[in-house]
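Reviewing the structure listed below.
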C-alpha cells in the first residue's frame, strides 16, 4: 500500500484495507533492529483506528501486539513515544502480563525530565500495574501531585484518583500532598514550553489551573467518610476564596457543600450567603451548578431561592443552548416542588416554546404545565394550538402526552383540552400521534367522570373517518366499556353499527364485542332487543372471527342471566400476586391438587384504576423527553424492588402460618445515609396479627464481612411484642435481608409505635493476600434510625367514584384539628397528609387553587377490608406559621376513623 | 448528584451517514470485571449511536437527553462530535469539553476538522482526545494547552535519524541556524 496522493480519492482509502489480520502481520516490523518512527507511528494509527471504531482485539492478539509495541521503547523519538503510551493504555485492558513493562515506563516518569511524554507515562503506568505494585510507584505519584507543570500535576492526580478504589490505604497517605495541590499557588500553575506556542500560537498561554479540580476531587474521595475533616476543608476553602480559582474546581466545591447542607442546619445557614455570591460571578458553569444544587436542597426557604430564580430567568434568554437547556431543566425541577416560585418566569419560559432546540422547547412546555394555574392554562393552550402545525409528529406526541397529564391536574379545564384533542384528531398526523391523542382522551374518560359524555361523542366522530384499524379497535373497546353507563347509550350503537357495515374484519370483530357489552349491561329491554337483532345478522358475516364472536354473543344474550355473573364481576385477581402464586404452584409440582385461584388476592376494578392513576401521576413528574422509556423504567424498577423484598420474605418459612400479607410498605425506607459503610433499608409487612419488619443490609466495605447480623428492634409501647428474629448469616457484597417479627397485642386493633433499632454483628476482616476472611472476628454494633409504625401502614389507597354518597352513608365519624407548623403551602400539605395516611386523593382535590381555604378528599381501605374516607380542610394559620387542618374521617367502625384522625399526629 | 470526577461517559465522532470515525466509551480503570461500562457490547453501542444520529443529524438539537443520558453535540462540515454524560452532569461543563476538542483540532490542522482531515491525521486526533479526557475525567479544556501537547509524527527519515542521537541540543542548534540563515537571505545581508 502506498501513501501517495493518488490514493486519496476516497475518504476511506487511508484505512480501507486495515483489519486485525493485516496489522498483526505488520506489527512484526516492531521487532526489526532498525525501527522507523514514521512507519511505526502510521502502524499505531491503524491499530488506534481499529480500536476506536469498535474492533476488539482478543487477549492473545492484544498480548502479542502489546509486547511487540514495547520494542519501540528502544527508539527515543518523542512523537513515537507519546503515541506508544496511548496504545499501551488501550491494549492493557485486554492483554496479559502487562505489568512486565512497568520498569520501562517508570524511567520516563522521572522528575527533572521535561519531556512531552512524561504525563503520558504517568497516566499509562497506573494502567499496567496492580494493587500490589502501588507502593513501588508511590514516590512517582507523590512527587507528580505537587509538580508545578500543569500537565504533570493533573496526570498524577487523576492517576491517583483512578487508583483509589484498589489502593485506598496508600492513596489516603498522600492527603497532605493532595491538599497542597488544592491550596498552593504553585502546583500546576506552569505550562511546559512547546514549539506549538512559538510556531503556531505566537504566545505562551497561562495554565488553566485545572489540576486544582483534580486535586479537590481526589481530596474529597480520600476524606469523604470523615465528615468533620470534610467540614473543616470546605470552611477553609470558602473562607479563603482566592484559593479556588478554576471553574471546574468550583463546580465540585459547590457539590460537596450541597451534599452536606441538608445534614447540618448550622453549616447550611453559613453557606447560603456564599452560594448566593457565586450565583453572580465566575461564569455560567458555576452559576448553573449553584442554581441546580440549591433547588435540590430540602430545607431551604423560598426567600433563599429567590436569587436562584432570578439568575435562571436571565439564563433562559442566553444565546448558548447549553445554558438555556440547563436553566429550563432546573426550573422544571423546581416547578415540581415549589411551582409558585417559578411562576414569575412563565413569560420568559413561554418564549422558549418555539426554541430551535426541541429539548428546550419540550422542557418549556412541561414546566409551564407544572406552574400554570387555571388562568394561565388557557393562554398556554392557545400558544400550543398556534405552533402545532409547525412541528414534527414526534414532538406532537410529546405535546399530547403533556396535555394528557395536564388533564389529570386540572380536571376543570377538560372542555378546552377536549376541544384541543378533538381538533388535532382531525388534523394531519401519523399513527403514533393519533394513538397518543386517543390515549389522552381515554384517560379523561376514566379519571374525569364529567368529561365522559362529550369525550365518547368525540371518539365516535373520529372513528367515522379513521384510517387506522388498530385505533378504531381501541376506540370500540372504550365504547364497549363506557358506553353502556352513559346517559343515552343508544347514541353510540349507531356508530358501532356503522363500523359493522363499513369496515374490515378486524374492526367488525371489535364492533361485535363492543355491541355485546351494550346488550349485556343495558337495562333497557328495547336496547337488548335491538342489539340482538344486529348481532343475529352478523351470523352471516364473511369472516370466521366475526361469525364466531356473533354466535357467542347471541347465545349470551339469549341466556343473559347465566352469563351476567361472569362478565359483570368486579373482582379481578391481582396480576403480580397471581403470577407469583402460579410460579410457586409450578415449582412445587403439587399437580395432584388443582390450582386454588381463590387464594389469590382480588382487587376491584376501582382499585386497579386508582393504582394506575397514581402511577400515571407519578410519571408526569418524571423528565418528559422520553415518556415511554421513563414509564417502562419506573414500572420495571418499582416491580423489581417489590419482587426483591417479597421473594426474600417468602423464603422464610417461619412466617407461613401468619396468613397472607395484607399490606407492605409502598417503597423501602432508608434508615442510614447512602454513603455510609452499612446501608440499611426497611420494608414493613402487615399480616392479620403480625408485623414483620424486613431490614435490607448492604455492606459497602470490601475489606470486611459481617456474620450473624441481627437487628435489635425495641418498640416504644407494649402494642407490639417481638416474637423472633431471622438473622443474616453472611453479609458481603450483595444486600441481604434480616427479619424481625412482632405479634400484635390483643387489646389494640392497630399497634402504633416507634421502633428503636441497633444492628449487631460479628466483624471479620478480609486477608488482603488470600481474599479469605480471618478466623477470629469481634462483636460490634451499629446504630440505625428509628422507624415509625403509623396509620399509613394499615391503610391502602383506594379509588372511590362516589365520595359524597359514600361519605354520607358511613356511620362512624371522628374529627380533629391540627396545626402543621413546618408546612407552608396547601400543595405540600396535600402531599404530606396523603402520604402519611396512604390514602387516595380524589377528584383533583390534591391540586389546590389560589383560594384561602382548600378541601382535599381522601379514600382508603384498611387491612381488614373496611372502607374509610376523609375530608381534610386546610387554611393558613392565623399566626402566620404553617397550615391549620381539620380532618373529618368517616368509616365502618370507630377504630377505623380514630386510626385515620390520629394518623396525622 | 455526581460527586465523582467521572463526568464523561463517551466521546463520539460519526460521519454524515452515521458511520463511526472515533468512538470511545469510558469506564474507570481498576474496576471489577463487568463493572462500570456504559454498554455491555459493541452492538449496544452502535444501536445507541444510530438512534442518537437519527435524532440529531441536520437538526439544531445540540443538547438533549437521550436514552437516560445527557448528550451535547457539535456539527462540523460532514462529521458530528458528541459527548455523552450522566443525566445530572453540568451541561456547560460537557459542552465546554466538547468545544475544546473541536477547537484544539482546528488549531492543529489550521482548518475545520472534516472527515478527510481527521482520517489523514488520525494519530493527532487520538492524542487530542487522550489529552482532554482520561477514562471519563476531564483533563484540560483550554484548546491551546491541549494542542501544545500533541506531537506530530516525523515527516521524513532524516528527521528520525537525527533523533537517534542523544543530543537534542544539536537539533535545536541546527534549527536555529537554519532560521537565521533564512532570515539573512531575506534581508539580503549576506
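The values are calculated or read from the model by the stated rules, or taken from the named source; none is laboratory data. Because the structure is predicted, anything quoted here is derived from the model rather than measured. With ideal geometry, Cβ positions are generated from the backbone for all residues, glycine too; neighbour counts draw on all protein chains shown.
A few notes on this one:
- Any hit, segment A:247-265, residues being over 27 Å from the mean Cα position of the chain (by Cα) and more than 11 Å from chain B (Cβ to nearest Cβ): yes
- Filter pass, residue A:360 being part of a helix (DSSP H, G or I) and away from chain B (no Cβ under 14 Å): no
- Looking across B:140, B:88, one residue alone is in a loop (DSSP other than H, G, I, E, B), in contact with a helix residue (DSSP H, G or I) (Cβ under 9 Å, 6 or more places away or on another chain) and modelled with pLDDT of 90 or more. It is B:140.
- Members of segment A:279-301 found to be part of a helix (DSSP H, G or I) and either more than 19 Å from residue A:262 (Cβ to Cβ) or at pLDDT below 85 (or both), listed by number: A:284, A:285, A:286, A:287, A:288
Residue-wise test of (1) crowded, with 18+ Cβ neighbours inside 10 Å; (2) over 26 Å from residue A:181 (Cβ atoms).
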position: A:243; (1), (2): no, no
position: A:260; (1), (2): no, no
position: A:268; (1), (2): yes, yes
position: A:281; (1), (2): no, no
position: A:289; (1), (2): yes, no
position: A:312; (1), (2): yes, yes
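- In the condition set (1) part of a helix (DSSP H, G or I); (2) facing chain B (nearest Cβ under 7 Å); (3) within 23 Å of residue B:7 (Cβ to Cβ), residue A:200 is compliant with all but (3).
- Residue match in segment B:131-148 (condition: facing chain A (nearest Cβ under 7 Å), within 19 Å of residue A:42 (Cα to Cα) and without any contact (Cβ under 8 Å) to a residue 40 or more places away in the chain): no
- Of the residues contained in segment A:104-118, none is found to be over 25 Å from residue A:74 (Cα atoms), without any contact (Cβ under 8 Å) to a residue 24 or more places away in the chain and either part of a loop (DSSP other than H, G, I, E, B) or out of contact with any strand residue (DSSP E or B) (no Cβ under 9 Å at 6 or more places or on another chain) (or both).
- When residue A:853 is tested against (1) crowded, with 18+ Cβ neighbours inside 10 Å; (2) modelled with pLDDT under 85; (3) more than 25 Å from residue A:446 (Cβ to Cβ), just one condition goes unmet, and that condition is (1).
- Considering segment A:87-116, and only residues there that are more than 28 Å from residue A:60 (Cα to Cα) and in contact with a helix residue (DSSP H, G or I) (Cβ under 6 Å, 6 or more places away or on another chain), the residue that is surrounded by the most Cβ atoms within 10 Å (Cβ to Cβ) turns out to be A:109.
- Across segment A:770-805, the number of residues qualifying as touching a residue at least 12 places away in the same chain (Cβ under 8 Å) and more than 37 Å from the chain's Cα centre (by Cα) comes to 4.
- Tally, over segment A:33-70, of residues that are surrounded by fewer than 17 Cβ atoms within 10 Å (Cβ to Cβ), within 14 Å of chain B (Cβ to nearest Cβ) and farther than 19 Å from residue B:153 by Cα: 7
- Residue in segment B:95-102 that is more than 8 Å from chain A (Cβ to nearest Cβ), within 16 Å of the chain's Cα centre (by Cα), at pLDDT below 85 and not in a loop (DSSP other than H, G, I, E, B) present: yes
- Candidate set: segment A:362-382, residues that are surrounded by 21 or more Cβ atoms within 10 Å (Cβ to Cβ) and farther than 12 Å from residue A:406 by Cα; chosen: the one modelled with the highest pLDDT: A:364
- Checking each residue in segment B:65-86 for being within 8 Å of another protein chain (Cβ to nearest Cβ) and either over 12 Å from residue A:322 (Cα atoms) or surrounded by fewer than 23 Cβ atoms within 10 Å (Cβ to Cβ) (or both) picks out B:65, B:66, B:67, B:68.
- Scanning segment A:203-223 for residues that are assigned to a loop (DSSP other than H, G, I, E, B), crowded, with 19+ Cβ neighbours inside 10 Å and at pLDDT below 90, we see that the one that is nearest to the other protein chains (Cβ to nearest Cβ) is A:208.
- Members of segment A:731-790 that are in a strand (DSSP E or B) and farther than 25 Å from residue A:670 by Cβ: A:743, A:744, A:764, A:765, A:766, A:773, A:778, A:779
- Against the numbered list (1) within 29 Å of residue B:148 (Cα to Cα); (2) away from chain B (no Cβ under 14 Å); (3) in contact (Cβ under 8 Å) with a residue 12 or more places away in the chain; (4) surrounded by fewer than 18 Cβ atoms within 10 Å (Cβ to Cβ), residue A:140 comes up short only at (4).
- Verdict on residue A:807 being assigned to a strand (DSSP E or B) and either surrounded by 18 or more Cβ atoms within 10 Å (Cβ to Cβ) or out of contact with any strand residue (DSSP E or B) (no Cβ under 7 Å at 6 or more places or on another chain) (or both): no
- Residues of segment B:103-134 satisfying the condition of being part of a loop (DSSP other than H, G, I, E, B) and surrounded by 24 or more Cβ atoms within 10 Å (Cβ to Cβ): B:113
- Test for residue A:692: is it assigned to a strand (DSSP E or B), in the same structural domain as residue A:763 (by TED's automatic domain parsing), at pLDDT 80 or above and under 20 Å from the mean Cα position of the chain (by Cα): no
- Candidate set from segment A:711-726 (those that are in contact (Cβ under 8 Å) with a residue 40 or more places away in the chain and part of a strand (DSSP E or B)); member that is farthest from residue A:759 (Cα to Cα): A:720
- Here residue A:329 fulfils each of the conditions (1) modelled with pLDDT of 85 or more; (2) closer than 17 Å to residue B:60 by Cα apart from (2).
- Which listed residue is within 20 Å of residue A:902 (Cα to Cα), touching a helix residue (DSSP H, G or I) at 6+ places or on another chain (Cβ under 7 Å), part of a strand (DSSP E or B) and touching a residue at least 12 places away in the same chain (Cβ under 8 Å), from A:855, A:868: A:868
- Count of segment B:107-130 residues which are more than 7 Å from chain A (Cβ to nearest Cβ), free of Cβ contacts under 8 Å to residues at least 60 places away in the same chain and either closer than 17 Å to residue A:15 by Cα or in contact with a strand residue (DSSP E or B) (Cβ under 9 Å, 6 or more places away or on another chain) (or both): 6
- Inside segment A:820-841, residues that are farther than 18 Å from residue A:892 by Cβ, modelled with pLDDT under 85 and touching a strand residue (DSSP E or B) at 6+ places or on another chain (Cβ under 6 Å) make up a count of 3.
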